[in-house]
Amino acid sequence: MALPPSAPLLPNPEYPAHDHDPNAYDLDDLASGSDDDEDLALDLEASLSSFDSEPRTPPPPYLEKAPRHARRPSSARLAALARRPRHLVLATVLLLFAFCAVFAVVYVSSGTETQAGRVPEQGVSHAAPGSDLDLGAAEQVSEPDHPEWVLGAPTESFRDNLRNDTQYITSWIAAGWTNDFMTYINLLYLALLSGRTAVLPPFAPSHVGSAAGFVPFGDVFDVPRLSRSLHNHPIIEWRDLKRERSTQRDALGCWSIWATAAPGGESAPRANLLEAHLALDVAYTPVPRDTVMLPQFDNDPHTRFAPLAALTFPDGRARAHLPAHAPFPATGGAGHAALPDEQLACFDFPYYVGSANTFEFNYDYSPAWRSVGTHAHWTPFIASLARDLVRRTFGLAPGAALPPFVSMHVRHGDFGRYCADDDGAADADADAEGCFAPLSAFAVRVAEVKAELRERHGVEVEHVLVTSDERDPAWWQGVRDLGWEWVDHGALGTEETFGRWYPVLVDAVVQSLGAGFVGTDRSTMSLIAQRRVQDWNAGPTRTVRWGRTGADDHRRRAWAREGGDYEFAI
């Protein structure tokens, strides 16, 4: 696929260079001749026969009935059609019909990508009548039993399911859910650079409690649609490769980014929950030092995409000067010390990876986001579920069109530990009111987004839908006092009905549905929601600064609402 100019491109050894030569097939055609050449030869033979005075011997049998390629010259065919106008009309109608048929096939096959952010409304049959969840249920497209990039159904050992003609790449995760999503986007971008089939693990319950279990990537994001958006780049999940409850422990050698780039000289692989879940015994070899983005700073953990991708190629592997055994043997089983696997390349924690800058998702030119992340749309089921819950929040009838609204994410929780005291030093005991931005600051940002929607798109927005991890009832009463709303998962029974993961997942979908968005500065959940609203909905966005009193004071502005006027420094 075509990548942004800033994205380093690596050759794919599976595709010879001549396949990219636009003239290669033309040369083959010239060598083998063409139909026009045959027409010319047959005409020449016919013209020579007219000069014979003696009767010629009968022609070979294949000339008794003209073969398909022995066509009359195009000028003769046109003259014949001109003498038969009905034939000409019929030929024209047939050509038009063929053109329309081809256009229809192309249009239908690409329909899911004709409008960014539109998710096909499919779902399950047990939904309430009229809801999104039963739209298109009768039109489910049957999927093959297994992806074409594995040998068959999931096996006890993943190695029994690898194709000999395919190379793969995978990684692990070890952060909050949004950070894990970003890690998988980086993995997919490495898959593009290396030309390998991506193998996506599930999301680990690192922040929702172990009882929630692991949720497959494909239960949240539409993997077939993502693959199509990446020019049909092959993407599978670990559940396609290995049985989910397999007890056979597979030995695997991986690269460790964290052992090389961890801040503070940690020098050990990043721990994770996936190895045990996938029944893997993993030995690690640190990536070379030249993969580090800023080697002059010991406290920065970022590495670069291109040199990491190079390690998946024979030449890049040779330049790494691998030791005889992995420096970090597997901790389970016999404690093997296998070097990084050549068919299934893997990395322990590709979260802090960039092309040109650290924390590259913060920038609109991020190649991982532009090439991959923006194409990771929700599954039809979870998108439809979120829409249904928003309808219930707004008091709308099932199936009713959603009005435009401003979505909001207010992150509190553990952010309090980053608040500063009066001297600017971190103060874990800082007063939350002086640390977190007040609702009045969010109100001004909401007003700015509404004004931009009005000026740029001619859209008047009344609804504001808030998502937050805040647990203080008084704070939520303040939200209500402002006339804002939220999806009340407790009252709607989201967790009880669908599982512990779903309040978090639905909130992320709700954020992406906004005509505009207001988020919390330095929150990756706000950052990704901001990117989605910008790309999928062409919506204006803002973030609110926090960390000290008045952190988001950028101007003094009067804000009016029904019942009174309020003025504050923002």
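Which one of Ala338, Ala345, Ala383, Ala324 is out of contact with any Leu (no Cβ under 8 Å at 6 or more places or on another chain), modelled with pLDDT of 95 or more, buried (at least 18 other Cβ atoms within 10 Å of the Cβ) and among the aliphatic types (A, V, I, L, M)?
Going through Ala338, Ala345, Ala383, Ala324 in turn, the sole match is Ala383.
Taking the options Thr393, Thr374, name whichever one is among the β-branched types (Val, Ile, Thr) and either on the phi > 0 side of the Ramachandran plot or more than 28 Å from the chain's Cα centre (by Cα) (or both).
Step by step, each of Thr393, Thr374 is checked, and only Thr393 is among the β-branched types (Val, Ile, Thr) and either on the phi > 0 side of the Ramachandran plot or more than 28 Å from the chain's Cα centre (by Cα) (or both).
Sort out which residues of segment 372-386 are part of a helix (DSSP H, G or I) and among the hydrophobic types (A, V, I, L, M, F, W, C), and write them in order of number.
Phe381, Ile382, Ala383, Leu385, Ala386
Could you please let me know if Phe517 is of a type in the set (A, V, I, L, M, F, W, C) and open to solvent by less than 10 Å² (accessible area, probe 1.4 Å)?
Yes; evaluated as a whole, the condition is true for this residue.
For segment 531-554: of the residues being of a type in the set (S, T, N, Q) and under 19 Å from Trp484 (Cα atoms), which is surrounded by the most Cβ atoms within 10 Å (Cβ to Cβ)?
Thr541
Give the residue, chosen from Arg225, Arg196, Arg243, that is open to solvent by 20 Å² or more (accessible area, probe 1.4 Å), in contact with a Ser or Thr (Cβ under 9 Å, 6 or more places away or on another chain) and among the basic types (Lys, Arg).
Within the list Arg225, Arg196, Arg243, the selection yields Arg243.
With the requirement that a residue be closer than 16 Å to Leu280 by Cβ and free of Cβ contacts under 8 Å to residues at least 60 places away in the same chain, what does segment 152-187 give you?
Selection gives Asp160 alone.
For Phe415, all conditions in the list (1) at pLDDT below 95; (2) under 33 Å from the mean Cα position of the chain (by Cα); (3) open to solvent by 20 Å² or more (accessible area, probe 1.4 Å) hold save one; what is the number of the exception?
(3)
Is it fair to say Phe568 is touching a helix residue (DSSP H, G or I) at 6+ places or on another chain (Cβ under 6 Å), of a type outside the set (Asp, Glu) and at pLDDT below 95?
yes
Taking segment 448-473 as the search range and keeping residues that are within 14 Å of Pro404 (Cβ to Cβ) and assigned to a strand (DSSP E or B), which one is most open to solvent (accessible area, probe 1.4 Å)?
Selected residue: His463.
Out of all the residues in segment 208-222, which are open to solvent by 30 Å² or more (accessible area, probe 1.4 Å) and closer than 20 Å to Gly373 by Cβ?
Once the filter is applied, which keeps residues that are open to solvent by 30 Å² or more (accessible area, probe 1.4 Å) and closer than 20 Å to Gly373 by Cβ, segment 208-222 yields only Asp219.
So which of Pro404, Pro350, Pro367, Pro398 is surrounded by fewer than 16 Cβ atoms within 10 Å (Cβ to Cβ) and in contact (Cβ under 8 Å) with a residue 60 or more places away in the chain?
Only one candidate passes the filter, namely Pro398.
For segment 265-328, list the helices (runs of 4 or more DSSP H) that sit wholly inside it and hold at least 3 residues that are closer than 15 Å to Trp255 by Cα and of a type outside the set (S, T, N, Q); which are they?
305-310, 314-319
Among (1) in a helix (DSSP H, G or I); (2) touching a Cys at 6+ places or on another chain (Cβ under 9 Å); (3) not charged (D, E, K, R), there is one condition Ile169 misses while meeting the rest; what is its number?
(1)
Among the residues of segment 251-258, is there at least one that is in a loop (DSSP other than H, G, I, E, B) and either among the small types (Gly, Ala, Ser) or out of contact with any His (no Cβ under 6 Å at 6 or more places or on another chain) (or both)?
yes
Please work out which residue is modelled with the lowest pLDDT, limiting yourself to segment 225-270 and to residues that are over 27 Å from the mean Cα position of the chain (by Cα) and hydroxyl-bearing (Ser, Thr, Tyr).
Ser267
The values are calculated or read from the model by the stated rules, or taken from the named source; none is laboratory data. Nothing here was measured: the structure is a model prediction, and the numbers come from that model. Reconstructed Cβ throughout: ideal geometry from the backbone, glycine too, with neighbour counts over all protein chains shown. The accessibility values were calculated without ligands, DNA or RNA, using every heavy atom of the protein model including side chains. Shrake-Rupley method; radii C 1.70, N 1.55, O 1.52, S 1.80 Å.
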